[in-house]
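To start, the structure itself, in structure tokens.
The values are calculated or read from the model by the stated rules, or taken from the named source; none is laboratory data. Bear in mind the structure is a predicted one, so any value in this text is a computation, not a measurement. Positions of Cβ are backbone-derived with ideal geometry, glycine not excepted, and every protein chain shown enters the neighbour counts.
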Amino acid sequence: APVLVLLRDDYRVADNPALHAACATGQPVLCAYVQDAALQDASGTRIADWAQAACAQLATSLHEQGQTLFMLSGPTRLSVPALAQAVHATDVFWNRRYDAPGIAADTDVHASLKKQGVTVHSCTGRLLFEPWAIRTQAGQPYRVFTAWWRAARNLPEPPPPLPAPDIRGKNYAPARTLTLPDGVRLHRVGTQPPALPSGWTSGEKAAHANLHRFIENALADYETQRDRADAPHGTSLLSPYIRVGQISVRQIWHAIRHAEHQNPHLATPAEKFLAELGWRDFAWMQMFTTPDLATRNLRAEFDHMPWRADAADLAAWQQGQTGFPLVDAGMRQLARTGWMHNRVRMVVASFLTKHLLTDWREGERWFYAQLLDADAAVNAMNWQWGAGTGIDAAPWFRIFNPVGQSEKYDPAGQYIRTWVPELAALDNKTIHTPWKSTQRLKYPAPIVDLKLGRLRALENWKNLPK
Ligand code: FAD
């Protein structure tokens, strides 16, 4: 009898605890990816395509070892118990997920399988620390990152990554005539990936290549370079791979620790980088404790903020036509590549929520649809951070000046020249303030007066009930 492995956003062979444990049973293994429209990202979003590409890539890797990846389509609660029954599986393995709908579905599946006499193995594969593992002395979730991180760093380090398991000869081929309920289907995952935005290659190999390039060339200067919009390789560019699990955070953690061990000069930037990975866990801890993180102001006074609903302003922001070069460069980089530099994400978020006084949820939704690394918890936490509505967030009155940020983090305008080519001919100074140029430019005038926008944001905030 076979065992089942369910794959969801952990599309890798190495350091995949569920796959590893399934292979260790010595029984035949049936690997399936569950396609459940109710739990999946809407088709047409970038992340849906990126996840599909990751599945195709995993199907290829498994195929090279004689293993087939199946797609099980239908509602999770129905399809998983039905497949287990149809193939007489003894055990089901998965890596745990932490979003409320996912947890609810898995809890129900667990109960059904138990009734059927099937053993469920729920493994830790997605985070460095379980969201319930780190609590204050009073047993409450932390509300401040630095305190949470200090507590995390006092715990034993995450376990070292697992090697790729030996899956050869373990393929379980189900009968062609399986009896499955209406609406549930099992078929092979194709190895043909969908088209992706230029510049991105799907796969575990590509993910590890980025990690090694980063460690070799960029880790030493990470603290200073990570904020430079004009340094295209100042950061690891790992977020899309982490999102679909083509690389695990434990693999990254231990590679960084190893580099640091080899070269003690790397200790400070390495710790900074690990803390960034920590922010991802912190976001999932927040999502686990407040499942409506993407929709509710965590600071309730913001429920009274008179957000503007100006469709033209929102469209200008989305399309990178605000007349502010750094904002437009960021939004166009997002549209073209599905990724945006972190510093610029912070600037465009501040601009939308403060200078344009637009509800952060508009920005959250737009980012989620456009980003290859669109992550329900990380995106929501960062939007709440930027808008000042979250816990441990930037205070509302810290309003980024898009011109000052541009002069500081893209001093020669290289980033702007790449994404806003109509400004490429301007000198290094004027490129940050094209409205001061005497040249005729095919570029919009600023859609908001920075000073007035700032005052409006502060005024409305002061009037919120405290
Ligand atoms: P690196 O600097 O190399 O960092 C390594 C890893 O650390 C990242 O891949 C990521 O997993 C984690 N990390 C870094 N910064 C953060 C952060 N601020 N919060 C949580 N984790 C972090 N990141 C996403 O992965 N998905 C999102 O949907 C997302 N939405 C964002 C929305 C806004 C408004 C802002 C300001 C930031 C958002 N980020 C998001 C965080 C950050 O911008 C990206 O993780 C980072 O730019 C990815 O590039 P990198 O892998 O080269 O980062």
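The condition (being within 11 Å of the ligand (Cβ to nearest atom), assigned to a loop (DSSP other than H, G, I, E, B), in contact with a helix residue (DSSP H, G or I) (Cβ under 9 Å, 6 or more places away or on another chain) and not basic (Lys, Arg)) is satisfied by just one residue among THR235, THR179: THR235. The residues on offer are ILE242, ILE256, and the sole one that is within 22 Å of LEU372 (Cβ to Cβ), not in a loop (DSSP other than H, G, I, E, B) and not assigned by TED's automatic domain parsing to the domain that holds LEU371 is ILE242.
Of the residues that make up region 241-252, is at least one hydroxyl-bearing (Ser, Thr, Tyr) and surrounded by fewer than 22 Cβ atoms within 10 Å (Cβ to Cβ)?
Step one: filter region 241-252 for residues hydroxyl-bearing (Ser, Thr, Tyr), giving 241, 248.
Of the ones still in play, those that are also surrounded by fewer than 22 Cβ atoms within 10 Å (Cβ to Cβ) are none.
No, region 241-252 contains no residue that is hydroxyl-bearing (Ser, Thr, Tyr) and surrounded by fewer than 22 Cβ atoms within 10 Å (Cβ to Cβ).
Restricting region 209-225 to residues that are free of Cβ contacts under 8 Å to residues at least 24 places away in the same chain and either basic (Lys, Arg) or surrounded by 16 or more Cβ atoms within 10 Å (Cβ to Cβ) (or both), which is nearest to ALA267 (Cα to Cα)? Looking at residues that are free of Cβ contacts under 8 Å to residues at least 24 places away in the same chain and either basic (Lys, Arg) or surrounded by 16 or more Cβ atoms within 10 Å (Cβ to Cβ) (or both), I get ALA218.
For region 291-344, enumerate the residues that are among the β-branched types (Val, Ile, Thr) and surrounded by fewer than 21 Cβ atoms within 10 Å (Cβ to Cβ). Listed by number, the residues that qualify are THR295, THR337.
Which is without any contact (Cβ under 8 Å) to a residue 12 or more places away in the chain and more than 15 Å from the ligand (Cβ to nearest atom), of ALA300, ALA316?
Within the list ALA300, ALA316, the selection yields ALA300.
Residues ALA377, ALA387, ALA393: which one is over 18 Å from THR322 (Cβ atoms), hydrophobic (A, V, I, L, M, F, W, C), more than 7 Å from the ligand (Cβ to nearest atom) and crowded, with 21+ Cβ neighbours inside 10 Å?
Sole residue among the options that is over 18 Å from THR322 (Cβ atoms), hydrophobic (A, V, I, L, M, F, W, C), more than 7 Å from the ligand (Cβ to nearest atom) and crowded, with 21+ Cβ neighbours inside 10 Å: ALA377.
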